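Structure first, commentary second.
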Amino acid sequence: MVDNTSESVIVTPLTRREDRMRSFDPTLSPSIGLTPRQRACLDAIEAYLVRTRTMPSIEDLRRALGSGSKAGVLRLLRQLEERGLIARVPNRARAIRLLAADICPHCAERRAKAGRA
């Protein structure tokens, strides 16, 4: 903020949250910066896909995460979608698609990472 009377600049210190948000770049690596709950939700989706070869329902995720409500699971899914890790189709059951996954969509097995023997 500039004080017009004395030509001095007043600098307000950033809060920790503002400082973190300024330095956060989601395009660098989408899995960096996930909260433990977001990581657990993503792991639950991957585990369910491997086990059943279908995507989990909201209720399945709620049970896997031990959550008390579906609203909390929906919030986690929305956050994962904003980070570009999953895509969802509105008004469709089990319409979750893993975007940055190393799981084969056809056989639900983990793919070998590039560059590893």
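The values are calculated or read from the model by the stated rules, or taken from the named source; none is laboratory data. Remember, predicted model here, so these are calculated numbers, not experimental data. As a convention, Cβ positions derive from the backbone with ideal geometry for all residues, glycine included, and neighbour counts pool all protein chains shown.
Below are the figures for this structure:
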{"quantity": "Selection within the stretch 85-117 - within 25 Å of G33 (Cβ to Cβ), modelled with pLDDT under 90 and in a loop (DSSP other than H, G, I, E, B)", "calculated": "L99, A100, A101, D102, R111, K113, A114, G115, R116"}
{"quantity": "Failed item in (1) surrounded by 11 or more Cβ atoms within 10 Å (Cβ to Cβ); (2) modelled with pLDDT under 90, with A44 passing the rest", "calculated": "(2)"}
